[in-house]
There are 2 protein chains.
Amino acid sequence: MDGSAAHGISFNTVDAPGLQASLFESSTGVDPHTGLGCGVHNIATELEDAITLPSQRKGDRDQFLEDIFRMIMEEVVQKGTDASGKVCDWLDPEDLKNTLDLELKSNGESSRSLLDHCRDIIRYSVKTGHPRFFNQLFAGLDCHALAGRMITEALNTSQATYETAPVFVLMEEVVLKKLRQLIGWQTGDGIFCPGGSISNMYAMNLARYHLFPESKQKGMKELPRLAVFTSSECHYSVMKGAAFLGIGTDSVFVVQADNRGKMIPEELEKRIQGAKSQGAVPFLVSATCGTTVLGSFDPISEIADLCKKHGTWLHVDAAWGGSALLSQHHRHLLNGIERADSVAWNPHKMLMAGLQCSALLLKDTTGLMKKCHSASASYLFQTDKFYDLSYDTGDKSIQCGRRVDCLKLWLMWKANGTEELEKRVNKAFTLTRFLIEEIKKRDGFRLLMEPEFINLCFWFIPPSLRGMPESADYWEKLRKVAPTIKERMVRKGSMMVGYQPNGDNVNFFRQIVINPELTEGDMTFFLDEIERLGVDL
Amino acid sequence: MDGSAAHGISFNTVDAPGLQASLFESSTGVDPHTGLGCGVHNIATELEDAITLPSQRKGDRDQFLEDIFRMIMEEVVQKGTDASGKVCDWLDPEDLKNTLDLELKSNGESSRSLLDHCRDIIRYSVKTGHPRFFNQLFAGLDCHALAGRMITEALNTSQATYETAPVFVLMEEVVLKKLRQLIGWQTGDGIFCPGGSISNMYAMNLARYHLFPESKQKGMKELPRLAVFTSSECHYSVMKGAAFLGIGTDSVFVVQADNRGKMIPEELEKRIQGAKSQGAVPFLVSATCGTTVLGSFDPISEIADLCKKHGTWLHVDAAWGGSALLSQHHRHLLNGIERADSVAWNPHKMLMAGLQCSALLLKDTTGLMKKCHSASASYLFQTDKFYDLSYDTGDKSIQCGRRVDCLKLWLMWKANGTEELEKRVNKAFTLTRFLIEEIKKRDGFRLLMEPEFINLCFWFIPPSLRGMPESADYWEKLRKVAPTIKERMVRKGSMMVGYQPNGDNVNFFRQIVINPELTEGDMTFFLDEIERLGVDL
């Protein structure tokens, strides 16, 4: 705490006889600094005098918001998406600390000073809408989604009840229904979650509750040992979820994937049999549509057969790959997804809705999610409200206050229609295909595999390694290439692309093209730039 | 899926001989609709021709964002905070459905049409920044926080790594440190979570892991029965967390609270002894600073003594009451909080940072949170990066992508300084005190109790019940008063305030004043309006 008591409201007319002003009593008696409650008129007058917070005067307020909006338009929306600018003005952590004035102080600062800070914040932040940002499973800047996000932030409400979010309760239902229809479900349930990891945890909890409703009250202690199945290429949130939900990571049976990163159904069957023979109860198979690194799709139909056979909940983590459902051409990648019990799908990734927009979708029509998660708080979910209580959907959530995540996606969808969104998805595939063909023409590039999705995984073979025998030394040298090129591109600010090892494969780049603004020129630049950055390696 | 394949990109120059274009193969062969990959030049040309998405043309984009910003300023920031407008233009769910055109269609809509939708969305949404919105534990509109939220949305990145969020990784640490200092901790750890419920769940998981590190791998099955302790006035997320984390709600030992809603330490001790005698291991006491309904503060020092005695983790859910730490006058309410192991504190409530801004703060300096939650994903947390890896803080989280929640609070703090924030907190207390004194002067109002915080709980006794004997019939009639008045105020749009039953107390209003713009005139209006709405009851 910086500052002294004098910083607060100083009412010096002490003494509050007989008021029982427990509001201002400390456990050891009346706080000598306050003396509030004495003389109502006095309080009122002093309130008006002392506490019209200057930063909130309407003219200042409106001007500041105008200035910030102007800055956002110029620095983020315009320059930040212009290929001629930097993806990031990079500073190492200690240098950035010394450059920014981050400290929070006793006194406030002027609007001018705040605007300077904001300009710095934007300058040194990564421009994820930049055409050379290929680093994450999100990218680009959709103006309608951004508009939806700005309205969301201005309205600042919680999805918990119809009372506080009448429009958004209805809108969430419409959006979830649309996503369910793309899966192939005419009915069902769903909710927006804070990210795909938590969506996957919801699925895990629902699967557990579905099989053992007593788990809600009794916990894991009273249940048989449970077993989760997922592939070696799954998202790490399955492990995080098993730990968080008290199931334990040892109960995650990792199923071998084939050399294209797809779960092998025969191996799943073996693992299920193995778990059963250990006395564990298989309660959940978490398949993946669009793995994080390779972009692989597990064979859902065959996995669904096994789930049916063994009475196991089928969850499909389609956080990344779900958006391919929008494409008539590519939705076959998710064949069988309609047989899942639950699906996680993040429109903030390929559809560019903006972080976070993560839907958990359920086939269930029995109110399972509400039964599983409800706690019926009397102050939110009053039973004597004047409107139809079925619209108070908040108790389905493990959250209490819950952000509005539907508007950004809804507005983008309204603006584009399903058709334009489909074109975006198709374009991402097409640009990826274009890159593959280009890579094949160039000496220094080697595909890890032909992708089925838009995760383009490849090694850049620097000049010194080309044509060399692929010895241990070769791979050790190649391992260091991607990190070196990555450092160079980040320091230069020319682009950003992810790399990682995977299984036996040493560090390779994973290029992701999402942004529908991109052209084949951007793709060519990408390859040229890697060649430039690695020419001396 | 609406529309046919023709909606996608139609490349009619089929045949892709020898390309092995697995990208476009279905499991049964090459998709006859695509034929992509054939003729790179062709692809490129068609890309440019066919897929410059019209909604993203830069002029349209900028104009749309300008129009939306203008609408936000006029309808939300200006009119939405003006007492002469409605808090909400209320429609019942079915009527609202019929009024809004929410359906998502094949074709996109014009900017004009989208703007009309947005105007309707704003119109029928609750204005939480309105001076007569007293319904939730959040309210008001802080222009700096809103500016921070707009920048956050424009930059649209994830907190997971320094690489994608250099500024925000550093900023989050500064903000968390500031919050820890207010608790009284010079060191420690922390993270922003998606809401207080999930913060409380983090604490529960950390407490479990602290005592039983094997729980991460082994799950609950191998542990002794665990016991959580919390008061009957606690937030319902303790129950939700116990269910979600596989502990089970039966393992939550509810401790009696006194008639002011504060946990009774002697009862806690009895419950701990009782749990032990049943063979359960007390691993967590979740105390509350600022209960949801009554705004009560558990006696932390005495509870901390018991936690020390029994070797139990002390979590303090100060999601609501934490902001009183900013006030020299009122921070005594949280005396002893520095003895906690973890604290949940939501600056999106009393400090008006905007949903969601929820900090989980830890005293721990051993990296417990990272050990507890990490899964070391190779594609995010590469070990051969060129910068100091300690800045990749994302693996502390149970999330993967994680929203930036620090900027809005940071910018508001920079603008106001700690001193102005302290004044806001003090002002909320002062206005509450003013209301209490007004209530005491009026016939129709009856306090539930003298609050210690700013939850002002009271019954409105309508004219027909005044002076009547307090029989069962009296309480049954009184029970219906708050819902009736609530319905009337919502339909009228004049204000919003919450009500609920609590324990043996029938429905009463819970008034919360947060917005520092308010004056004693707004307080008087509040009481007058309740009298007007209930005059015939």
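The numbers here are math on the coordinates, done by the rules we state, and not lab data. Bear in mind that the values here come from a model prediction, so they are computed numbers and not experimental data. So basically every Cβ, Gly included, is an ideal-geometry build from the backbone, and we count neighbours across all protein chains shown.
Express the relative contact order of region A:381-537 as a whole percentage, based on alpha carbon pairs under 8 Å and six or more residues apart in sequence.
Values: 149 pairs, mean separation 35.4, N = 157.
Relative contact order comes out at 23 percent.
Residue pairs exceeding 26 angstrom between C-alpha atoms, taken from A:Lys97/B:Lys370; B:Lys427/B:Lys492; B:Lys370/B:Lys414: B:Lys427/B:Lys492; B:Lys370/B:Lys414.
Given N residues in region A:431-518, what is its alpha carbon radius of gyration divided by 2.2 N^0.38 Å? Could you put the intermediate results ahead of the total?
Working: Rg = 13.3 Å, N = 88, 2.2 N^0.38 = 12.1 Å.
Rounded to two decimals, the normalised Rg is 1.10.
In region A:341-418, Cα pairs under 8 Å separated by at least six residues give a relative contact order of 29 percent.
Shape analysis of region B:127-206 yields a ratio of the Cα radius of gyration to the Kirkwood radius, Rg/Rh, of 1.02.
Per residue of B:421-433, other chain Cβ atoms within 10 Å of the residue Cβ number 6 on average. The ranking of B:Met239, B:Met449, A:Met263 from fewest to most other beta carbons within 10 Å of each one's beta carbon is B:Met449, B:Met239, A:Met263. The same position B:Lys105 in the other copies lies at 5.5 nm from this copy, comparing label points 7 Å beyond Cα toward the beta-carbon, shortest first. Projecting the Cα atoms of A:His117, B:Ile439, A:Ser494 onto the charge dipole of the protein assembly as shown, computed from C-beta unit charges around the Cα centre, puts B:Ile439 farthest toward the positive end.
Note down the magnitude of the dipole of region B:381-438 about its Cα centre, charges +1 on Lys and Arg C-beta and -1 on Asp and Glu C-beta and zero elsewhere, to the nearest 20 debye. Provide the component values of the computation, followed by the final result.
Details: 10 positive and 10 negative charges, 34 e Å.
Charge dipole, region B:381-438, about its Cα centre: 160 debye, nearest 20.
If the limit is 22 Å between Cα atoms, which of A:Lys270/A:Lys309; B:Lys349/B:Lys423; B:Lys58/B:Lys105; A:Lys218/B:Lys221; A:Lys218/A:Lys270; B:Lys177/B:Lys408 go over it?
Working: A:Lys270/A:Lys309 13 Å; B:Lys349/B:Lys423 16 Å; B:Lys58/B:Lys105 24 Å; A:Lys218/B:Lys221 12 Å; A:Lys218/A:Lys270 30 Å; B:Lys177/B:Lys408 16 Å.
Over 22 Å apart, Cα to Cα: B:Lys58/B:Lys105; A:Lys218/A:Lys270.
Only four residue types carry charge here, +1 at the Cβ of Lys and Arg and -1 at the Cβ of Asp and Glu. Report the dipole size of chain B about the Cα centre in Debye, rounded to the nearest 20. Write down the numbers at each step before the final one.
Values: 60 positive and 69 negative charges, 333 e Å.
In debye, rounded to 20, chain B gives about 1600.
Take every pair of alpha-carbon atoms less than 8 Å apart whose residues are at least six positions apart; their mean separation over the length of chain B yields a relative contact order of 17 percent.
Hey, what does the equivalent ellipsoid look like for the protein assembly as shown, semi-axes from the Cα gyration tensor as sqrt of 5 times each eigenvalue, largest first, whole Å? Write down the numbers at each step before the final one.
Details: eigenvalues 464, 203, 162 Å².
Output for the protein assembly as shown: semi-axes of 48, 32, 28 Å.
When all alpha carbon pairs of region A:296-363 are counted in 5 Å bins from zero, the resulting P(r) reads 4, 18, 26, 24, 16, 8, 3, 1 %.
For chain B, state the average projected area of the convex hull of the C-alpha atoms over all orientations, rounded to one decimal in nm². Intermediate results must be reported in sequence, preceding the final value.
Details: hull surface 128.4 nm².
Mean orientational projected area (chain B, Cα hull): 32.1 nm².
Straight-line cross-link partners of B:Lys477 among the lysines, defined as a Cα under 18 Å from its Cα and at least 8 positions apart when in the same chain: A:Lys385, B:Lys486.
Within region A:401-453, the percentage of alpha carbon pairs spaced more than 15 angstrom apart rounds to 63%.
The charge dipole of region A:180-337, taken about the Cα centre with unit charges on the Cβ atoms of Lys, Arg (+1) and Asp, Glu (-1), comes to about 300 debye, rounded to the nearest 20. Residue-level result for chain A: its Cβ closest to the axis carrying A onto B, with that distance in Å, is A:Gly246, 1.
Please arrange B:Lys440, A:Lys396, A:Lys408 by counting, for each residue, the other beta carbons lying within 10 Å of its beta carbon, fewest first.
Details: B:Lys440 11, A:Lys396 22, A:Lys408 30.
Fewest-to-most Cβ neighbours within 10 Å comes out as B:Lys440, A:Lys396, A:Lys408.
Note on chain B: antiparallel DSSP beta bridges, both residues inside, total approximately 55 percent of the bridges counted. For chain B, the longest principal axis of the alpha carbon atoms and the long axis of helix B:166-183 meet at an angle near 10°. Counting only GluC sites (Glu not before Pro) that DSSP places in a loop and that have at most 15 other Cβ atoms within 10 Å, the longest clean stretch of chain A runs over A:215-469. Of interest is the spacing of the C-alpha centroids, which for region A:231-255 and region B:221-244 amounts to 22 Å. Within a straight-line Cα-Cα reach of under 20 Å, A:Lys308 can be paired with the following aspartates and glutamates, leaving aside sequence neighbours fewer than 8 residues apart in one chain: A:Glu266, A:Glu267, A:Glu269, A:Asp298, A:Asp317, A:Glu338, A:Asp341, A:Asp364.
Considering only the protein assembly as shown, what is the antiparallel percent among its DSSP beta bridges, to the nearest 5?
On the way: 48 of 86 bridges.
Rounded to the nearest five, the antiparallel share is 55 percent.
Just check region B:279-415 against the gyration tensor rule for me: Cα atoms, a ≥ b ≥ c as the square roots of the eigenvalues, rounded for a/c under 1.5, and otherwise prolate or oblate depending on whether a/b exceeds b/c. Kindly include the intermediate steps, with their values, before the conclusion.
Values: a/c = 2.42, a/b = 1.32, b/c = 1.84.
It is oblate, given that a/c is not under 1.5 and a/b is not larger than b/c.
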